[in-house]
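These notes are about the structure you will find just below.
The values are calculated or read from the model by the stated rules, or taken from the named source; none is laboratory data. None of the values given here were measured: they were computed from a predicted structure. Ideal geometry is used to build each Cβ from the backbone, glycine not excepted, and the neighbour counts take in all protein chains shown. In case anyone asks, the SASA skips ligands and DNA or RNA and just uses the protein heavy atoms, side chains included. Shrake-Rupley method; radii C 1.70, N 1.55, O 1.52, S 1.80 Å.
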Amino acid sequence: MAFAELLDRVGGLDRFQVLQTVALVIPIMWLTTHGMLENFSGAVPGHRCWVPLLDNRTAQASAPETLSPEALLTVSIPPGPNQEPHQCRRFRYPQWQLLEPNVTVNWSEAATEPCMDGWVYDHSTFTSTIVTQWDLVCESQALKPMAQSIYLAGILVGAAVCGHTSDRFGRRLVLTWNYLQLAVMGTAAAFTSTFPLYCLLRFLLAFALAGIMMNTTTLLTEWTSAPARPLAMTLNSLGFSFGHVLMAAVAYGVRRWTLLQLTVSAPFFLSFVYSWWLAESARWLLITGRVTRGLQELQKVATINGKRAAGEELTLEVLLSAMQEELNVGQAQASLSALFLTPGLRHRTYLSILCWFAFGFTFYGLALDLQALGSNIFLLQVLIGVVDIPAKIGTLLLLNRLGRRPSQVASLVLAGLCILANTMVPRDMGALRSALAVLGLGGVGASFTCVTVYSNELFPTVLRMTAVGLGQMAARGGAILGPLVRLLGVYGSSLPLLVYGAVPLLTGLAALLLPETRNVPLPDTIQDVQRQAEKKAAHGTQGHPVLKSTQL
């Protein structure tokens, strides 16, 4: 009897799993809003220099009463590249001659100066943003993307730290702390008065966000039976899709960045409170030798699932007998180095990291293309989520019918082919290009669901969170590198698309080397994975694990 059979006794898909999924997926929706938040809280409104004739009442009184605000703007602000008022410069002195008819506008830098007295912003869309709060425009415009890079770095560092920490101290404990950290840091960011402190708080917020994502998927995986696992992971993945729609709705109703930051952060205080009800992973407790606590969690789940009698039948002697092999295995090898040095784990680790990287890299590549579909950022935000939903629901069917490996390969190859196809479609065929972009985005969304399920099933319990953390780091590394590929456009307009398409295509082909994990028990120890590799070598199969229930 392995843990899979213990889970079947207390219920692998019952009332507890339903309640757990709801409790874990709702925070995922709010978590997604933080990733997309600066599309709105950091929006750059229209702006121009503050000038006395328009913005100072004393100076306005000295101006001719017959002049309209448009005329005063003409003599105060030089025209910009699009013949709109320049956003970053103003005339040193009013240029009254520009009001004369048939005058050719010909100004030089010497006649202008930077915005010495600040800027005037267009507040028609947003009451305030971090850009208007700290004047992140003109000479300071690079500070906004720097804030986003700091945020992504926080996710990367959080993935590295929280993965190893969860394998050592537990999934639920780290998840609870991450909920509190995100709530506190997100709320504090809404009240900060300086931009450097804002960036620091967003870094710490992103650190916690990485831990929430990883521990959510792992708790769902380790408390759900193998046949129902794709459903749980698909619902988790759909949480991100609905989160995009939620972000658009919240941002449409809340136009002040401080209130918006507070709105998307406060719900995590509630998540922190009810997370104490969540059960710690009994699989992790048993594997790490915490048998008494593991028994308590199994009995708790049995009671919630209406199987109190089955829970009472579980005793320490039953657990020790069932998990005898796993408990007798020394855990000295359960370290980060084992992922890269153990023969049965090495190629799984490299290929899993590559799949995560391809997802992060390609998603941001497609997101940049989607921005060309329109200027309504609220509608665009909804579109990103809506097109993702049918792709992920379809992936659930593929995972159960075709298996993990074919689904992972197909989703990445589809995304790659759609992007590469766009390099051969003329620019004037906008409808076809948009259709290919949406189809490619669907492939990327499907690949995310696949890699979430797959990476949790490929690695043993003692190293699962560490491996998932490495994958999340790879995805964030891809997210950071993805936008930089756009710089290749100076050498050829199609070159960025060729890179964006080649990465998922080649990664999908490489994923053919991974073993299949459909409808098999999760490996608990490194030795389980090694036996899988040995059986594959002996029988020429693709990773059918030894069923431990036949050995005990």
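A few notes on this one:
- All conditions but one from (1) open to solvent by 10 Å² or more (accessible area, probe 1.4 Å); (2) of a type outside the set (Val, Ile, Thr); (3) farther than 17 Å from residue 229 by Cα apply to residue 445; the one that does not is (1).
- Unmet requirement for residue 453, which otherwise passes all of (1) more than 20 Å from residue 152 (Cβ to Cβ); (2) open to solvent by 40 Å² or more (accessible area, probe 1.4 Å); (3) of a type outside the set (S, T, N, Q); (4) at pLDDT 80 or above: (2)
- Test: residue in the stretch 202-213 that is out of contact with any Gly (no Cβ under 6 Å at 6 or more places or on another chain), on the phi < 0 side of the Ramachandran plot and surrounded by fewer than 18 Cβ atoms within 10 Å (Cβ to Cβ): no
- Flag for residue 360 being more than 18 Å from residue 461 (Cα to Cα), at pLDDT 85 or above and open to solvent by less than 60 Å² (accessible area, probe 1.4 Å): yes
- So residue 61, is it closer than 30 Å to residue 128 by Cβ, modelled with pLDDT under 70 and either open to solvent by 40 Å² or more (accessible area, probe 1.4 Å) or not basic (Lys, Arg) (or both): yes
- Pairs with Cβ under 9 Å, 6+ apart, first in the stretch 1-21 and outside any helix (DSSP H, G or I) and hydrophobic (A, V, I, L, M, F, W, C), second open to solvent by 50 Å² or more (accessible area, probe 1.4 Å) and modelled with pLDDT of 85 or more: 1/9; 13/231
- Hits in the stretch 91-129 - residues which are outside any loop (DSSP other than H, G, I, E, B) and either surrounded by 11 or more Cβ atoms within 10 Å (Cβ to Cβ) or modelled with pLDDT of 75 or more (or both): 91, 96, 98, 99, 111, 112, 113, 114, 119, 120, 121, 128
- Failed item in (1) part of a loop (DSSP other than H, G, I, E, B); (2) more than 30 Å from residue 284 (Cβ to Cβ); (3) modelled with pLDDT of 80 or more, with residue 506 passing the rest: (1)
- Residue in the stretch 438-451 that is closer than 20 Å to residue 36 by Cβ, hydroxyl-bearing (Ser, Thr, Tyr) and touching a residue at least 60 places away in the same chain (Cβ under 8 Å) present: yes
- Going through (1) open to solvent by less than 50 Å² (accessible area, probe 1.4 Å); (2) at pLDDT below 85; (3) over 19 Å from residue 174 (Cα atoms) one by one, residue 295 falls short only on (2).
- Within the option set 187, 216, 288, being modelled with pLDDT of 90 or more and open to solvent by 10 Å² or more (accessible area, probe 1.4 Å) holds for one residue only, 187.
- Matching entry among 268, 272 (being modelled with pLDDT of 90 or more, in contact with a Phe, Trp or Tyr (Cβ under 7 Å, 6 or more places away or on another chain) and open to solvent by less than 10 Å² (accessible area, probe 1.4 Å)): 268
- Selection count where residues are open to solvent by 40 Å² or more (accessible area, probe 1.4 Å) and closer than 21 Å to residue 261 by Cα, scope the stretch 158-184: 3
- Filtering the stretch 466-504 to residues that are more than 18 Å from the chain's Cα centre (by Cα) and crowded, with 21+ Cβ neighbours inside 10 Å leaves 496, 497, 500, 501, 503.
- In this structure, residue 406 does satisfy being modelled with pLDDT of 85 or more, surrounded by fewer than 19 Cβ atoms within 10 Å (Cβ to Cβ), within 30 Å of residue 163 (Cα to Cα) and not aromatic (Phe, Trp, Tyr).
- Per the conditions (1) at pLDDT below 85; (2) exposed (fewer than 13 other Cβ atoms within 10 Å of the Cβ); (3) of a type in the set (D, E, K, R), the sole criterion not satisfied by residue 139 is (1).
- Residue pairs whose Cβ atoms lie under 7 Å apart, separated by 6 or more positions or on different chains, with the first residue in the stretch 127-154 and under 30 Å from residue 469 (Cα atoms) and the second part of a helix (DSSP H, G or I) and aromatic (Phe, Trp, Tyr), are 143/195; 150/203; 151/203; 153/203; 154/203; 154/207.
- Residue 3 being within 30 Å of residue 309 (Cβ to Cβ) and modelled with pLDDT of 90 or more: no
- Hey, residue 531 open to solvent by 10 Å² or more (accessible area, probe 1.4 Å), at pLDDT 80 or above and among the basic types (Lys, Arg) or not: no
- Test for residue 463: is it open to solvent by 10 Å² or more (accessible area, probe 1.4 Å), modelled with pLDDT of 80 or more and either aromatic (Phe, Trp, Tyr) or in a helix (DSSP H, G or I) (or both): no
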